[in-house]
Structure formats: C-alpha cells, structure tokens
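Chemist: So that we are looking at the same thing, I have put the structure below in structure tokens.
The values are calculated or read from the model by the stated rules, or taken from the named source; none is laboratory data. Everything numeric in this text was worked out from a predicted model, so none of it was measured. For neighbour counting, all protein chains shown are included, and Cβ atoms are generated from backbone atoms with ideal geometry for every residue, glycine included. Please note that ligands, DNA and RNA were not included when accessible areas were found on the heavy atoms of the full protein model with its side chains. Shrake-Rupley method; radii C 1.70, N 1.55, O 1.52, S 1.80 Å.
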Amino acid sequence: MPIEIVCKIKFAEEDAKPKEKEAGDEQSLLGAAQGAAAPRDLATFASTSTLHGLGRACGRGPHGLRRTLWALALLTSLAAFLYQAAGLARGYLTRPHLVAMDPAAPAPAAGFPAVTLCNINRFRHSALSDADIFHLANLTGLPPKDRDGHRAAGLRYPEPDMVDILNRTGHQLADMLKSCNFSGHHCSASNFSVVYTRYGKCYTFNADPQSSLPSRAGGMGSGLEIMLDIQQEEYLPIWRETNETSFEAGIRVQIHSQEEPPYIHQLGFGVSPGFQTFVSCQEQRLTYLPQPWGNCRAESGLREPELQGYSAYSVSACRLRCEKEAVLQRCHCRMVHMPDSLGGGSEGPCFCPTPCNLTRYGKEISMVRIPNRGSARYLARKYNRNETYIRENFLVLDVFFEALTSEAMEQRAAYGLSALLGDLGGQMGLFIGASVLTLLEILDYIYEVSWDRLKRVWRRPKTPLRTSTGGISTLVLQELKEQSPCPSRGHIEGGGASGLLPNHHHPPGPRGGLFEDFAC
C-alpha cells in the first residue's frame with residue numbers, strides 16, 4: 001500500500017527571517033502571476049469570433065460527425081474565397097483600361113492650328129552659286145563646276161554657312177504666294193514665320209502660341225485659303241540619284257499645334273499643282289494614362305523647359321532631339337532644322353513616350369481640278385503666264401474646321417483599387433462571412449498567443465526540489481529514502497517494530513541548536 005510521510009519541522013530562530021523573506025517573495029510572485037491574464041485558447045476564440053462557421057468547427061463541445069462536416073464546409077468556403085480573390089488580383093494587376101470618347105465636346109478656345117508648308121524642291125537652281133553647288137554636291141547630285149562649265153575640279157571654297165545657303169536658295173514665300181485669305185480677311189507673307197525642316201526653308205502660318213488666331217465658324221471660307229505657285233522652272237535638274245533626290249512636284253503640308261515643332265517629312269501630306277485641295281479638320285484632345293496603366297509621359301511641373309531647345313515637350317521635339325544627338329555623336333555637327341542646344345550624344349536607343357495630354361487634328365482631304373478653261377485664261381493674263389504654266393504650277397489649299405467642336409478621347413482605368421476592394425469584400429462576405437474587423441480579430445488573437453509564449457520563454461522559473469509552507473513540508477518517498485536514516489519499506493516490513501521510529505530512541509531536547517520532531 002502507498003505510504004504518505006508528513007514531516008513537521010520546527011526551525012530555529014536564526015532561520016525564521018530567511019523563511020519569512022521567501023514567503024514574501026512567493027506571495028509577490030503569486031500576485032504577479034494572478035495579475036497577468038492568461039491567453040484565450042482556440043475554442044474560446046472560435047466561440048466569440050465573428051467568422052461564420054468557426055465556432056461550430058472549433059468551439060467547445062464533443063468531436064463528432066457534425067463538427068467534422070462544419071470544418072469541411074469552412075475549409076471549402078475558405079478555398080473558394082482564396083480562388084476568387086486570386087482571380088480578382090490577377091485581373092487588377094493586368095491594369096485594364098478603356099477609352100471613353102465624346103465626339104461632340106465643345107472646343108475650349110477654337111484656336112486655329114498652325115499650318116506649315118514646304119516646297120518639295122529645296123534649292124532654286126538659278127540661286128545656286130558655284131560654291132553652293134560644290135558644298136551641296138552630296139545633297140543635290142550636281143557635280144562641282146568651275147567657270148568653264150560642269151567638270152570636277154580641285155577648287156577651294158570657304159566653309160559653307162548652311163543657314164545662309166537655305167535663306168538665299170530656298171523658295172521665297174513672297175514669290176510663291178499669289179493670294180491669301182483667313183476667315184474672310186486678307187493675309188500676306190508677313191503672317192507666316194520661317195522654319196527649317198528637312199525640306200529646307202519652310203513657312204508656318206499662325207505659329208505663335210501666345211497670339212493664336214481664333215476660328216469663328218466652321219466650314220469652307222472660315223479658315224485659311226491660299227493660292228501658291230510652286231515654280232517648277234526652278235527645280236533642280238537630276239544629274240544623278242541621291243538619297244535626297246525627289247521626283248515629285250508640289251508642296252508638303254502639316255497641320256499641328258503651336259507647341260509642337262513641324263515634323264513634316266513624316267507627318268505631312270502632299271498637295272499637287274493643278275488641284276484645289278480641301279482639308280477639313282477636327283480638333284482631337286487625347287488623354288492617356290500614366291504608369292502602371294499606360295506609358296505616357298506626365299508633365300514634370302518644372303519651370304525650365306523639359307527639352308533643351310523647345311518650350312514644351314512633344315513627340316516631334318523628342319524625335320528631333322534624338323536625331324540631333326545621333327548626328328552630333330557621329331560627326332560632331334548638326335543640321336539646320338535640329339535644335340541648337342548644348343550637350344553630347346546619348347548612347348543606346350532613344351525613347352520618346354507620348355505625352356499624357358495631347359492635341360492633334362484629324363483631317364479629311366478632298367480635291368478638285370483647277371483651273372477650268374475660263375479661269376486658266378484669266379489667271380494667265382493676271383499673272384503674265386501662259387495657260388500651261390498655270391496648270392503645271394498653280395494650286396489652291398483650303399484648310400478649315402469642320403465644326404467648332406472637338407473630339408475628346410480619354411483613357412480610363414477599367415478596374416481600379418476601389419473596385420478590387422469592393423469585389424474582395426463581396427466574395428469574403430459570400431463565402432466566409434468575414435469583414436476587415438474579422439481579420440483584425442484573427443491578427444489580435446495571433447499576437448496575444450505569440451506574445452504569451454515569448455514571455456514564458458523569457459521568464460521561465462527554476463523548478464524547486466521541495467515546496468515548503470511555513471513549518472510543514474511534504475516529501476516524496478524517493479527523497480525520504482535518500483535523505484532520511486529511516487530504513488526502506490522492505491526492511492520495515494521484514495523487521496521488528498523497533499525500526500519504525502528511530503528518532504524515539506534519542507533523548508528529548510534540542511541537539512545542536514535544532515529540534516526535530518518527525519511523525520512517520
């Protein structure tokens with residue numbers, strides 16, 4: 001049968017103070033342990049959580065088929081929610097966008113666009129000097145000549161001034177322009193500004209963005225109407241073909257905004273002599289999305305120019321700058337139509353993103369043949385030319401607004417963050433009945449359990465060999481065998497009664513300042 005040994009120990013007075021101190025420390029530790037709230041277990045949390053089904057799957061109660069079915073339903077709903085959430089996230093990360101179009105938006109200012117025109121022939125043959133032909137041999141294909149005629153010679157000429165050559169040898173607008181009208185008012189060559197392009201010396205009407213001319217009405221007669229003489233007798237003869245050799249006759253035209261430099265060799269259209277060309281325009285205001293939905297270039301908001309040599313950023317200005325840097329890197333020079341700005345050439349490809357806000361002009365072009373028989377004789381007498389010259393050199397260009405409305409096209413995000421959050425909230429409520437506060441509850445419970453375990457690891461107390469309260473101690477049987485001089489149980493059962501209370505044979509009274517009274 002089990003033996004319980006209760007020992008009553010009475011300590012001397014010199015041990016009383018340490019015992020009182022240990023008792024006080026133990027009471028303080030017990031008070032501190034009682035003051036710290038124990039963390040909730042999973043069953044308690046599941047019973048109080050707002051997550052649907054968690055209390056029935058993990059709450060208190062017996063484990064049976066019903067709880068298993070609730071756990072499977074909870075896991076299935078959670079998996080369905082995660083699948084739907086992953087699909088919504090993938091759709092959001094593709095950054096879809098749509099284009100909203102307003103075909104009849106009122107034009108804010110109805111400002112007339114800039115119109116740039118160039119004669120396809122760069123240099124007038126009669127204006128070229130021997131030095132000009134020598135320096136322009138690679139462009140014109142004409143061989144150098146001396147005063148005796150066309151033949152190769154080791155002639156020496158001063159360094160060329162390309163701006164001077166273009167100004168002297170290019171077609172002069174005062175000679176080409178025969179008539180000009182804008183919105184019913186007369187205009188002249190003084191209303192055009194000189195601009196240099198790959199076609200040499202060109203001219204732009206309504207080029208100043210600070211004093212842009214307005215358009216008061218739409219339709220024919222409310223825009224720019226000009227009659228030009230392209231002067232085919234001044235076209236250069238073709239001696240040999242070069243990269244710049246042109247077989248056409250007429251002018252090149254580009255309609256653009258005032259903030260955008262002409263890029264007429266790629267964005268322009270041709271107008272042929274012997275025809276009246278009608279160009280019906282409509283202003284188009286385009287708005288693109290920046291990153292991450294698109295690749296447009298947002299405005300920096302800085303006061304200094306975004307591109308050196310230009311007042312505003314545009315794709316045409318960026319391309320001209322890229323061409324200038326490539327030429328500058330290869331031959332340390334630039335062409336006349338390229339921007340005059342400092343800086344070295346850049347390595348690698350040149351990237352010119354579209355600005356996020358862009359104004360362009362849609363065009364519808366039609367034409368009729370001129371002159372008729374009656375007008376040919378009249379124009380021949382008026383300008384002192386023959387009818388054949390009129391048919392081969394004269395043209396009429398009519399540029400006007402179709403209507404005083406603009407076409408607005410805007411890119412918009414098709415699936416934004418608010419739509420994503422709304423769809424996630426709907427899927428979360430449908431499958432697991434949760435909300436943002438439910439997620440906060442779960443995070444709070446995880447924090448509570450984790451913090452409690454960390455505190456236990458940091459403050460783990462040492463386990464004492466025995467626990468004493470006052471003067472009463474309870475010893476386990478193994479300790480009694482190791483520390484007490486009493487015989488073992490087997491010896492007691494086999495021996496006599498004289499071995500049960502060995503201390504009773506000692507004389508009563510204190511021994512060594514300590515009185516011990518054992519009751520076994």
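Chemist: Averaged per residue, what accessible area in Å² does the stretch 172-224 show with a 1.4 Å probe, protein chains only?
Modeler: I get 49 Å² per residue for the stretch 172-224.
Chemist: Then there is this: For Cys350 and Ala131, what is the calculated FRET efficiency with R₀ set at 25 Å and r taken between the beta-carbons, to the nearest 0.05?
Modeler: About 0.10, to the nearest 0.05.
Chemist: Would you kindly state how much longer the chain becomes between Asp175 and Ile442 on full extension, computed as 0.36 nm times their sequence separation minus their alpha carbon distance, in nm to one decimal?
Modeler: Difference between extended and current length: 87.6 nm.
Chemist: If you don't mind, there's one more thing I want to ask. Apply 1/(1 + (r/R0)^6) to the Cβ-Cβ distance of Arg369 and Val336, taking R0 = 30 Å, and write down the FRET efficiency to the nearest 0.05.
Modeler: According to the calculation, E is roughly 0.25.
Chemist: Gain in length, Leu78 to Asn295, computed as 0.36 nm per residue apart minus the alpha-carbon separation, to one decimal in nm?
Modeler: Fully extending the segment from Leu78 to Asn295 adds 74.4 nm.
Chemist: Sort Thr277, Thr245, Thr50 from largest to smallest accessible area, using a 1.4 Å probe on the heavy atoms of the protein chains.
Modeler: Descending accessible area places them as Thr50, Thr245, Thr277.
Chemist: Follow-up. Can you figure out the FRET efficiency of Leu421 with His185, using R₀ = 45 Å and their beta-carbon distance, to the nearest 0.05?
Modeler: Given R0 = 45 Å and the Cβ-Cβ separation, E is 0.15.
Chemist: Using each residue's phi in the stretch 231-247, evaluate 6.51 cos²θ - 1.76 cosθ + 1.60 at θ = phi - 60° and report the 3J(HN,Hα) Karplus result to the nearest Hz, with x for Gly and Pro.
Modeler: Those phi angles translate into 6, 5, 5, 9, 5, 6, x, 8, 8, 8, 7, 10, 5, 9, 5, 10, 9 Hz.
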